[in-house]
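Student: Once you've had a glance at the structure underneath, I'll fire off some questions.
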Amino acid sequence: MEKSGTQTPLSLAAAEAVRTYAATTRSALGSAESPVISYAGLWLLLASLAPAAETETDEILGLNRADARAAALALLEAPHPTIGAAVAGWLRPGVELTKGLPIVLDPLPDQAGLDTWADEHTRGLIKEFPLEIDAQTLLVLASALVVTPRWSEQLEEGDDGLLLLEDGFQAVVATEAAGPVAVASPPSDDGISVYSVIAEEGVSADDVWRAADEVVRRIDAGELHDRTFDAGQEDGHAWTVREVTVFGNARSDRWRSHLPEWSAEDRHDLSAAPGVAEIARGVMAAVAEETEAVCIQKAVASYDREGFKAAAVTGMMVRAAAAVPRETTVRQIDLRFDRPHAVVAVARGGAWEGIPLFSSWVTPA
């Protein structure tokens, strides 16, 4: 895994672009309280398709079309011990494209085939593809993202029924967005940091997310270190400070975090997310007939004594547009078969033409 000190300019730009896109999309969708969502999974799909956009994507994706595509490819090709990522596309046989798309297109499989792709590319965490295809489906594009880091040591359950963390990253941090927050992250050798951030009761979810972004930026910049207490040394909304007696060698301060086990799954309509409409228009322009597009994500996550698991599959489907009915004026003639009547089945075509196959006398109840 690339460390922050050895990242390339493009990877640094991609990281910043995804962070900014996540904040922008969270605000645009009002998704601060979503149980689980992957903005990175959506960004990866859109960035892979960026060259199809009819205008530059700097203000949407944080990078221009060429750089966004290059960054997405670099991420997809970069080995990582615990991250799995994939982008794929499928075209219904017989559908003609007016121009190429910046993604390899395979023949569109059936629903079971798409489900198998989701299962294989999320390590079994998502069994079903988030979109259901039908006869109107012309093109499907998707990204999959999965992370499965394990803690370096299994967390034990404390007397309060919560998981007890005595190592890893723990701090109390004064933030601009949400005031003082507590932060905890179990140690992992798998190249993933999972930060839990809690603010005072009553602080909005949006502000807590802004505080979390602030904390991570300060950690990445080397401005914030483990076991930092920069919000005063007294008790707070999510922490207590007291003197205890310990035996043997000990740090000057003993830090412990009490964390819940949890799991979540969610489904998001991302059609209104920033950049989806702009890039979908470019994709739809590649299909010869009139089309409409939808973007859906399914995401799951769990946090337990052994580690963290999360996966998301983001799908964009281009369908033949429904015909808009025209208004017209006609005579209305009602035929009522509410008395006994005859029904006959007549063959059409070939040697059977005109032969009455079945006759029935129907007496309505």
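The values are calculated or read from the model by the stated rules, or taken from the named source; none is laboratory data. What you see is a predicted model; the values in this text were computed from it and never measured. Please note: Cβ atoms are built from the backbone with ideal geometry, for glycine as well, and neighbour counts cover all protein chains shown. The protein model used for the area step is the full one, side chains on, heavy atoms only, and it has no ligands, DNA or RNA in it. Shrake-Rupley method; radii C 1.70, N 1.55, O 1.52, S 1.80 Å.
Student: Name the most mobile residue of Trp239, Trp117, Trp90, meaning the one with the largest mean-square fluctuation, in a Gaussian network model of the chain with Cα contacts below 10 Å.
Tutor: Checking each option, the largest mean-square fluctuation is seen for Trp239.
Student: Out of Gly113, Ser196, Ala285, whose Cα points farthest toward the positive end of the dipole of the chain (charges: +1 Lys, Arg; -1 Asp, Glu; placed on Cβ)?
Tutor: So the residue furthest toward the plus end is Ala285.
Student: Rank these residues by their accessible area, most exposed first, probe 1.4 Å: Leu101, Leu42.
Tutor: From most exposed to least exposed: Leu101, Leu42.
Student: How far apart, in nm, are two points set 7 Å out from the Cα along the Cα-to-Cβ line at Val294 and at Asn64?
Tutor: Result for the modelled spin labels: 3.6 nm.
Student: Give me a comma-separated list of calculated 3J(HN,Hα) values for the range 110-119, in order, Karplus coefficients 6.51, -1.76, 1.60 applied at θ = phi - 60°, integers in Hz, x for any Gly or Pro.
Tutor: 7, 4, 4, x, 5, 4, 5, 4, 4, 4
Student: Now a separate question. Grab the Cα-Cα distance for Asp269 and Asp338, subtract it from 0.36 nm times how many residues apart they are, and report the gain in nm with one decimal.
Tutor: 20.2 nm
Student: Order the following by accessible area, largest value first: His121, His225, His80. Probe radius 1.4 Å; ligands, DNA and RNA are ignored.
Tutor: Of His121, His225, His80, the descending order of accessible area is His225, His121, His80.
Student: Next up: Name the aspartates and glutamates eligible as straight-distance cross-link partners of Lys127: C-alpha to C-alpha under 18 Å, and not fewer than 8 places from it in the same chain.
Tutor: Asp110, Asp115, Asp119, Glu265, Asp266
Student: Next question, about the same structure. Counting helices only, and only those DSSP H runs with n ≥ 4, report the 222 nm mean residue ellipticity of the chain as the sum of -39,500 (n - 2.57) divided by its residues, in deg cm²/dmol to the nearest 500.
Tutor: Value at 222 nm, helices only: -7500 deg cm²/dmol.
Student: Looking at the range 38-120, which GluC sites (Glu not before Pro) are DSSP coil and have at most 13 other C-beta atoms within 10 Å of their C-beta?
Tutor: Answer by residue number: Glu54, Glu96.
Student: I'd like the accessible area for Met284: 1.4 Å probe, protein heavy atoms, all chains in place, Å² to the nearest 10.
Tutor: Near enough 40 Å² of accessible area.
Student: Pull out the extension gain between Asp110 and Leu12, defined as 0.36 nm times the separation in residues minus the alpha carbon to alpha carbon distance; nm, one decimal.
Tutor: Taking 0.36 nm per residue and subtracting the Cα distance, the gain is 31.4 nm.
Student: Also, quick follow-up: Could you please put Ser263, Ser152, Ser143 in sequence from largest to smallest accessible area, using a 1.4 Å probe?
Tutor: Ser263, Ser152, Ser143
Student: Given labels modelled 7 Å from the Cα in the Cβ direction, how far is it in nm from Thr55 to Arg254?
Tutor: Going from the Thr55 label point to the Arg254 one covers 6.0 nm.
Student: So, one more: For the chain, what is the charge dipole size about the Cα centre, in debye to the nearest 20, if Lys and Arg each add +1 at the Cβ and Asp and Glu each add -1 at the Cβ?
Tutor: 1400 debye
Student: From the list [x] 0.97; [y] 1.15; [z] 1.00, can you say which value of Rg/Rh (Cα atoms, Kirkwood Rh) was derived from the structure given?
Tutor: [y]
Student: Give me the number: length gained by fully extending Ser27 to Glu153, i.e. 0.36 nm times residue separation minus the C-alpha to C-alpha distance, one decimal in nm.
Tutor: Contour length minus the Cα-Cα distance gives 41.8 nm.
Student: Relative to the longest principal axis of the chain, what angle (0 to 90°, nearest 10) does the C-alpha long axis of helix 9-29 take?
Tutor: 70 degrees
Student: Which of Val241, Val172, Val203 moves the most in a Gaussian network model of the chain with Cα springs under 10 Å?
Tutor: Comparing Val241, Val172, Val203 in a Gaussian network model of the chain, the most mobile one is Val241.
Student: Ok, one more. Say we join alpha carbon atoms closer than 10 Å with springs in a Gaussian network model of the chain; which of Ala205, Ala86, Ala280 then has the biggest fluctuation?
Tutor: Ala205
Student: Just the accessible area per residue of the chain, please: how many Å² with a 1.4 Å probe?
Tutor: Accessible area per residue: 57 Å².
Student: Tell me the carbon and sulfur percent of the accessible area for the chain, rounded to whole percent, probe radius 1.4 Å.
Tutor: Reported share for carbon and sulfur atoms: 50 percent.
Student: So what is the relative contact order for the chain, in percent, with contacts set as C-alpha pairs under 8 Å and at least six apart?
Tutor: Reported relative contact order: 21 percent.
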